[in-house]
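To start, the structure under review is shown below, and the notes come after it.
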Amino acid sequence: MATADNSLSQYDHSKVPDGKNFRIALVVSEWNHDITEALFQGAKATLINHNVTPENIVRIDVPGSFELIYGASTAQQMDFDAIIAIGCVIQGETRHFEFISNAVAQGIKDLNLNGEAPVIFCVLTDDTIVQSKARSGGDKGNKGVEAAVTALRMTSL
Ligand code: DLZ
């Protein structure tokens, strides 16, 4: 999987379970839309590459990354094998970044402890938009790809 210097999209395909019977929800934050859309496309393409059928990939849009917690919690109560929470929080001039990033990480951690379906953390927390672009289809690969692989592996535990 990813290291600091590798593309996030490099992985061993033989270690990824077949997804043909899986139903996966992707909860997508609208903040930093270009980035989250690229992450969504990367995740969706990877799920399809591993035989998840398009009708078993359900997208749920939420306004911002903070709302990923409620969106993923709602999806956990539906019939999904895994949920991928997709967001992008970028450092601004205030401390909003820390509050949102920490809340989303803690909220998703809690969903994993208390819910049935695993919730995968596909939230970029970058200092700059340049860093986010590099990780959503740029020279660091696409974190959405890695999240999709993680979802398939966790679903198969
Ligand atoms: C308010 C806010 C700010 C400042 N920055 C981001 C961000 O970088 N990424 C993101 O996904 N959302 C941001 N938000 C919106 C919050 O996540 C949330 O939608 C609002 O605080 C409403 O609850």
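Details
For every residue, the table says whether it meets (1) aromatic (Phe, Trp, Tyr); (2) out of contact with any strand residue (DSSP E or B) (no Cβ under 7 Å at 6 or more places or on another chain); (3) closer than 21 Å to Glu30 by Cβ; (4) assigned to a helix (DSSP H, G or I).
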| residue | (1), (2), (3), (4) |
| --- | --- |
| Asp79 | no, yes, no, no |
| Ile84 | no, no, yes, no |
| Val123 | no, no, yes, no |
| Val130 | no, yes, yes, yes |
| Met154 | no, no, no, yes |
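- Filter result (farther than 11 Å from Leu152 by Cβ, more than 16 Å from the ligand (Cβ to nearest atom) and among the hydrophobic types (A, V, I, L, M, F, W, C)) within the range 14-60: Ala25, Ala45, Ile48, Ile57, Val58
- Residue that is nearest to Asp126 (Cα to Cα) [pool: residues in the range 61-105 that are of a type in the set (Asp, Glu) and more than 14 Å from the ligand (Cβ to nearest atom)]: Asp81
- The set of residues in the range 86-111 that are outside any helix (DSSP H, G or I) and not small (Gly, Ala, Ser) comprises Ile86, Cys88, Val89, Ile90, Gln91, Glu93, Thr94, Arg95.
- Taking every residue in the range 32-53 that is at positive phi and in contact (Cβ under 8 Å) with a residue 60 or more places away in the chain and pairing it with any residue that is in a helix (DSSP H, G or I) and small (Gly, Ala, Ser), at least 6 positions away or on another chain, the pairs with Cβ-Cβ distances below 8 Å are Asn32/Ser132.
- Residues that are surrounded by fewer than 22 Cβ atoms within 10 Å (Cβ to Cβ) and farther than 16 Å from Val16 by Cα, drawn from the range 40-52: Gln41
Every number here is computed from the coordinates shown, using simple stated rules; none is lab data. In this text the structure is predicted, and so the values were computed from the model without any measurement. Ideal geometry is used to build each Cβ from the backbone, glycine not excepted, and the neighbour counts take in all protein chains shown.
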